[in-house]
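K.L.:
A single structure is presented below for examination.
Throughout, read-outs are computed from the coordinates displayed, never taken from laboratory work. Quick caveat: nothing in here was measured; it's all calculated off a predicted structure. Methodologically, a virtual Cβ is constructed for each residue, glycine included, from the backbone with ideal geometry; neighbour enumeration extends over all protein chains shown.
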Amino acid sequence: MSPSKGPTLAVRPNTKRATPPGPEVLQPSGWPAPKGYANGMAADGRLVVTGGVIGWNEHGHLPADFVGQVRQTLSNISAILAEGGARPEHLVRLTWYVVDMKEYLASLKTLGQIYREIFGSHYPAMALIQVVRLVEEAAKVEIEATAVVSR
């Protein structure tokens, strides 16, 4: 029996920053390049993890609309990362939980603009899951983040 020949793994270092090397994008050769996310990430360093973050402000108020909640959620994640000594370019994974997949898909262009405003053009591994509801009933999106800060 001969070993199976699957795709080979290409590791593409993120060379756009002047700070110590950060996470590496894992992209199997021959696979189409993903848009707005990475297939995988590899990193070595200090782990910074958020809980499920929603889009409330410092007063506990949620924007009424989905896009406003995403904007505030990403801003909240950025603030939590900063508390842990991390920046958006240290992100290796985001897991999005949305109540309405159609609303998410209808907002993709605007969400991409908001994402780039807050996190720049660094795209970690991501998953998107539709849920029936979130603990905070008025919340339309909740995001968990994992970052690795190089030592």
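K.L.:
Quote the relative contact order of the chain in percent (integer), defining contacts as alpha-carbon pairs under 8 Å separated by 6+ residues.
P.N.:
32
K.L.:
In what sequence, highest mean first, do 86-95, 46-55, 113-122 appear when ranked by Cβ atoms within 10 angstrom?
P.N.:
Highest mean packing first, the order is 86-95, 46-55, 113-122.
K.L.:
Once you list every other residue whose beta carbon is under 13 Å from the beta carbon of residue 103, what net charge do they have if Lys and Arg are +1 and Asp and Glu are -1?
P.N.:
Counting the neighbours of residue 103, the net charge comes to 0.
K.L.:
Follow-up. Give me the distance in nm between label points sitting 7 Å out from Cα along the Cα-to-Cβ direction at residue 135 and residue 46, one decimal.
P.N.:
2.6
K.L.:
Run the helix sum for the chain: -39,500 (n - 2.57) per DSSP H stretch of 4+ residues, divided by residue count, reported at 222 nm to the nearest 500 deg cm²/dmol.
P.N.:
Value at 222 nm, helices only: -7500 deg cm²/dmol.
K.L.:
Once label points are set 7 Å from the Cα along Cα→Cβ at both residue 144 and residue 59, what is their separation, rounded to one decimal in nm?
P.N.:
Output for this residue pair reads 3.2 nm.
K.L.:
What ³J(HN,Hα) values, in whole Hz, does the Karplus curve 6.51 cos²θ - 1.76 cosθ + 1.60 give for region 135-151 when θ = phi - 60°, with x put for Gly and Pro?
P.N.:
Computed from phi, the couplings for region 135-151 are 4, 7, 4, 7, 6, 9, 8, 9, 10, 9, 10, 10, 10, 10, 9, 4, 8 Hz.
K.L.:
Between region 96-129 and region 54-81, what is the separation of their alpha carbon centroids in Å?
P.N.:
13
K.L.:
May I pose another question? With the chain treated as a Gaussian network of Cα nodes joined by springs under 10 Å, which of 68, 30, 85 yields the largest mean-square fluctuation?
P.N.:
30
K.L.:
Using 1/(1 + (r/R0)^6) with R0 = 41 angstrom and r between the beta carbons of residue 109 and residue 83, what's the FRET efficiency to the nearest 0.05?
P.N.:
FRET efficiency, residue 109 to residue 83: 0.85.
K.L.:
Treating the angle as unsigned and between 0 and 90°, give the value, to the nearest 10°, between the Cα long axis of helix 108-119 and the longest Cα principal axis of the chain.
P.N.:
On a 0 to 90 degree scale, this one is about 80.
K.L.:
Show me, for region 46-51, the HN-Hα J-couplings you get by feeding each phi into the Karplus relation (A = 6.51, B = -1.76, C = 1.60, θ = phi - 60°), rounded to Hz, glycine and proline as x.
P.N.:
Karplus-based 3J(HN,Hα) across region 46-51 equals 8, 7, 10, 10, 9, x Hz.
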